[in-house]
Amino acid sequence: MPAGHDQFDHDLVARVLGEPVPRAVLQMLSGSDRLNMTRLALNLAGHVNGVARRHREVSQGMFPEYAISSVTNGVHSVTWTSEPFRILYDRHVPGWREEPTLLRQAMRIPAEELWRAHGEAKRSLLMEVKRLTGRTLSEDALTIGFARRATAYKRADLIFSDLARLRAIRRMGPLQLVYAGKAHPRDEGGKELIRRVMRFARELDEEIPVVYLPDYGVELAKLLVAGVDLWLNTPRRPMEASGTSGMKAAHNGVPSLSILDGWWIEGHVEGVTGWSIGRAEAGTETDADDAADLYAKLPIVLETFQHAPERWAAMMRSVIALNASFFNTYRMVLEYATNAYLL
């Protein structure tokens, strides 16, 4: 992806920085035509890794002359665990704050306590939605969250590809969507994506409530990853290096419905930690193919949420025990220390 690899004219570099090293040396390390920041980093680094196993594979294909390993990202567990779930873990998994790998013991948390903690987190989110937008969303509806940087490859509008199909799924039970995320000031495609989501929201009106929350930041993100029932992620393969929003949701017992890319390839167990969209390998799939698979999975999600609360609670336990216990900074830093820094 060209946008991920900054490049600058050597003349511009010389005007801004002078010549801390001879230009010939800089060109040898970063590229003769332009200064390629990725090439410069690859040539000067003592260790190179991707931020997920799939990211390593993709990066190795792009730069076959370099040895690239991987350390999959993680999130800070205490930061991204909501207060109701912190209290729950303190009671059932003592020591989890210092050693989040202990969250694998979440399998023993009673279903009614999981639902109670989730209900508190969901009410907090819906109160904030009401404050920010004036919309009153239902506590009983399947609430789908989508929040990240608004840019074209994230495909925030994929779920609206076929409104007739989406409406047919809605007849199985109530659902609603909560969006958030900003576009880069120069990303016109990202801005248009937000406008498109807003147009779909107006068209669906109260039939399928869709809200787009303003002023997205860390505090709002904390409410979202804890308060929704399902986390949606629809990037175009293989452009998701890792992604971390689904990891944050997992710390609050929220399963994912996600494209098999980035970290989700490692965290996904179908029907156990969530559901997949499409295949893991990028091939000839189109947006329409992914949308069709998304629509095929949504009825399964909705049926489970509405009519099988024990199965949903079992999934919440699995999400915590399998995903939150692993995709955290505690494990990530240990891997960096043992696999990179201490080599």
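Give me the percent relative contact order of segment 240-343, please, defined on Cα pairs under 8 angstrom at least 6 residues apart.
Working: 101 pairs, mean separation 32.8, N = 104.
Answer for segment 240-343 is 32 percent.
What number in nm² do you get for segment 125-214 if you take the convex hull of its Cα atoms and divide its surface by four?
5.6 nm²
Mean residue ellipticity at 222 nm from the helices of the chain, using -39,500 (n - 2.57) per DSSP H segment of n ≥ 4 over the full residue count, to the nearest 500 deg cm²/dmol?
-13500 deg cm²/dmol
For the chain, the normalised intensity computed at q = 0.07 Å⁻¹ comes to -0.33 (log10 of I(q)/I(0), Debye sum over alpha carbons, equal scatterers, no solvent). Here r is the Cβ-Cβ distance between Asp287 and Ala340 and R0 is 35 Å; the resulting FRET efficiency, rounded to 0.05, is 0.45.
Taking a straight line from the alpha carbon of Lys154, these aspartates and glutamates sit under 16 Å away, with near neighbours fewer than eight places off in the same chain left out: Asp187, Glu188, Glu192, Glu240, Asp261, Glu285, Asp287, Asp289, Asp290. Taking a ≥ b ≥ c as the square roots of the eigenvalues of the Cα gyration tensor, an a/c ratio of 1.5 or more together with a/b no larger than b/c marks segment 217-343 as oblate.
Couplings 3J(HN,Hα) for segment 41-47, derived from phi with the Karplus relation 6.51 cos²θ - 1.76 cosθ + 1.60 (θ = phi - 60°), are 5, 4, 7, 9, 6, x, 8 Hz, where x marks Gly and Pro.
Around the amide H of Asn49, modelled in the peptide plane, lie the amide H atoms of Ser69, all under 5 Å away and 5 or more residues distant in sequence or on another chain. Counting only heavy atoms of the protein chains and using a 1.4 Å probe, Ser325 has close to 10 Å² of accessible surface.
What the phi angles of segment 291-302 give under the Karplus curve with 6.51, -1.76 and 1.60, with θ = phi - 60°, is a coupling list of 4, 4, 5, 4, 5, 6, 7, 4, x, 5, 4, 5 Hz, glycine and proline written as x. A full extension of the chain between Tyr66 and Glu207 corresponds to an added length of 45.5 nm, given 0.36 nm per residue minus the alpha carbon distance. Shown here is the pair-distance distribution of segment 67-190: with all Cα-Cα distances grouped in 10 Å bins from zero up to the longest one, the shares run 10, 26, 32, 25, 6, 0 percent.
In summary, the aspartates and glutamates within cross-link reach of Lys222, defined as a Cα separation below 12 angstrom excluding same-chain residues under 8 places away, comprise Glu83, Glu128. About the centre of its Cα atoms, the chain shows a dipole size close to 400 debye [charges on the beta carbon of Lys, Arg (+1) and Asp, Glu (-1) only; nearest 20 debye]. Over all Cα atoms in segment 272-337, the spread is summed up by Rg and Dmax: 15.9, 46 Å.
The base-10 log of I(q)/I(0) for segment 41-108, evaluated at q = 0.13, 0.18, 0.25 Å⁻¹, reads -0.56, -0.71, -1.00 [Debye formula, identical scatterers on Cα atoms, solvent excluded]. Note on segment 78-163: with charges restricted to the Cβ of Lys and Arg (+1) and Asp and Glu (-1), its dipole about the Cα centre is near 280 debye.
Can you tell me what share of the DSSP beta bridges in the chain is antiparallel? A percent to the nearest 5 is fine.
Working: 3 of 26 bridges.
Restricted to the chain, the bridges split so that about 10 percent are antiparallel.
In this simple spin-label model, placing a label point 7 Å from the Cα along the Cα-to-Cβ direction at both Arg199 and Arg104 gives a separation of 4.9 nm.
The values are calculated or read from the model by the stated rules, or taken from the named source; none is laboratory data. Small disclaimer: the values here were computed from a predicted structure and weren't measured. FYI the Cβ positions are ideal-geometry reconstructions off the backbone, even for glycines, and counts take in every protein chain you see. These accessible areas exclude ligands, DNA and RNA; they are computed on the full protein's heavy atoms, side chains included. Shrake-Rupley method; radii C 1.70, N 1.55, O 1.52, S 1.80 Å.
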